[in-house]
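> Structure below; questions to follow.
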Amino acid sequence: MRLTNRFRMPQAFVRAVENDDYYKGKKVDFSVTELLSSPHQRNLKRKHEDEIVEDVIDRVWSLFGQVSHTLLERGAGKDDIVEKRYFQKVYSDEKPYKISGQVDLIEPTDKGHRLTDWKTTSVWNVMNGDHDDWESQLNMLRFLVDKIDFPVNELQVVAIMRDWRPGEKLRKPDYPRHPIKKIKFPIWSDDQVLEFIAERISYHIHFPSDDICSPDERWQSPTQYAVMSKNRKSAHKLEKSLKAAEFWMKRNKKGDRIEKRISEPRKCLNYCSVAQFCSYGRQFIVKEVA
């Protein structure tokens, strides 16, 4: 991968991006993060590794997340484990694969040990409530820790919302009260984790070379129909079909029009470094002028 600095960011910022020390481990087949990623995206990264061009400005939130991890290390207790990578061999289709995963924080509690992962994310992501990937990630990490060190009996994400605004909590009752939120997750059995890992490995290994990412992997929700009124910014109701929206508007006697909201693949638009090599993603590339 080649990094550019088209928007003339300070050299200190450029060096900070260049000096990313991420390393998934020696002879590792999959990291926990890779298992949760799209096979199509992973394949394109491997195939076009020397052709990928990314601007340092696109790494700003990734870098901010790393900075927050560094700052939070200051608060680690003497018995805490911080930023440690674990390894384990797992079988899929009767073949062994080496898996690795790095934990942010493990701390002792009165009842055992708590595993915490820090996420720098958006308010929308927290409010959306769809955290299946976080739950899967934490349980895979828990499994790796259990097999090497000790049992973990509590899992949580600490979400730091980079776009949180204090004024919004006065206007929206469901808006987060604070810019940081703890989200707890259930613990899976070892059999559940092993089955999940084996399925993800098989999905990656057998993914068709001519296929593309699924709508979920593109972060693309279904098209919706919004019941709207004049002088009102938000929708009265969002429905999955035009017929359902018309029925709701007639039954509730609200709204004067229906807007069709075609969803966009947010990952393709803003977060995919290989979109230019993808038959689907390249249509969303926008030419920017520095």
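Every read-out reported here was derived from the displayed coordinates using simple, explicitly stated rules and does not represent laboratory data. Just so we're clear, the structure is a prediction, and the values are computed from it rather than from any experiment. A quick note on method: Cβ atoms are made from the backbone with ideal geometry, for glycine too, and the neighbour counts reach across all protein chains shown.
> Treat every Asp and Glu Cβ in the chain as -1 and every Lys and Arg Cβ as +1, leave all other atoms uncharged, and give the resulting dipole magnitude about the Cα centre to the nearest 20 debye. Display every interim value, and only then the final one.
Numbers: 52 positive and 45 negative charges, 359 e Å.
It works out to roughly 1720 debye.
> Tell me the angle of helix 242-252 to the major Cα principal axis of the chain, expressed in degrees between 0 and 90 and rounded to the nearest ten.
60
> Still on this model: For a footprinting-style exposure proxy, rank 282, 266 by other Cβ within 10 Å, fewest first.
On the way: 282 12, 266 15.
Going from least to most buried by this count: 282, 266.
> Net charge around residue 83, counting only other residues with Cβ within less than 9 Å of its Cβ (Lys, Arg = +1; Asp, Glu = -1)?
0
> Would you work out which of 203, 187, 247 lies farthest towards the positive end of the dipole of the stretch 178-274, given +1 charges on the beta-carbon of Lys and Arg and -1 on that of Asp and Glu, about the Cα centre?
In the stretch 178-274, that residue is 247.
> Let me ask another. Could you tell me the relative contact order of the stretch 215-290? Use alpha-carbon pairs under 8 Å, at least six residues apart, and round to a whole percent.
32
> Can you compute log10 of I(q)/I(0) for the stretch 197-273 with the Debye formula, treating each Cα as one identical point scatterer, at q = 0.14, 0.18 Å⁻¹?
-0.63, -0.78
> Moving to a separate point now. Report the GluC sites (Glu not before Pro) located in the stretch 182-290 that are in a DSSP loop and have at most 12 other Cβ atoms inside 10 Å of their Cβ, or state none.
288
> Can you find, among 90, 65, 258, the residue farthest towards the positive end of the dipole of the chain? Put +1 on the C-beta of Lys and Arg, -1 on that of Asp and Glu.
Of the options given, the answer is 258.
> For Cα extents along the principal axes in Å, the listed values are [x] 61, 50, 47; [y] 74, 46, 29; [z] 63, 55, 29; which was obtained by calculation from the structure presented?
[x]
> Taking the Cβ of residue 1 as the center, what net charge do the other residues with Cβ under 13 Å away carry, scoring Lys and Arg +1 and Asp and Glu -1?
-3
> Ranked by Cβ crowding within 10 angstrom, fewest neighbours first, how are 1, 249 ordered?
On the way: 1 12, 249 21.
Fewest-to-most Cβ neighbours within 10 Å comes out as 1, 249.
> On to the next question. Provide 178, 113, 40, 69 in ascending order of the number of other Cβ atoms located within 10 Å of each residue's Cβ, fewest first.
178, 69, 113, 40
> Helix-only mean residue ellipticity at 222 nm, the chain, DSSP H runs n ≥ 4 weighted -39,500 (n - 2.57), per residue, nearest 500. What is it?
Details: 10 runs with 94 residues, N = 290.
So the helix-based figure for the chain works out to -9500 deg cm²/dmol.
> Counting DSSP beta bridges with both partners in the chain, what percentage is antiparallel, nearest 5?
Around 70 percent of the beta bridges assigned by DSSP in the chain are antiparallel ones.
> Calculate the spin-label point distance for residue 5 paired with residue 269, positioning each point 7 Å from the Cα along the beta-carbon direction, and give it in nanometres.
With each label placed 7 Å out from Cα toward Cβ, I get 3.0 nm.
> Counting only DSSP beta bridges with both residues in the stretch 27-170, tell me the antiparallel percent, nearest 5.
60
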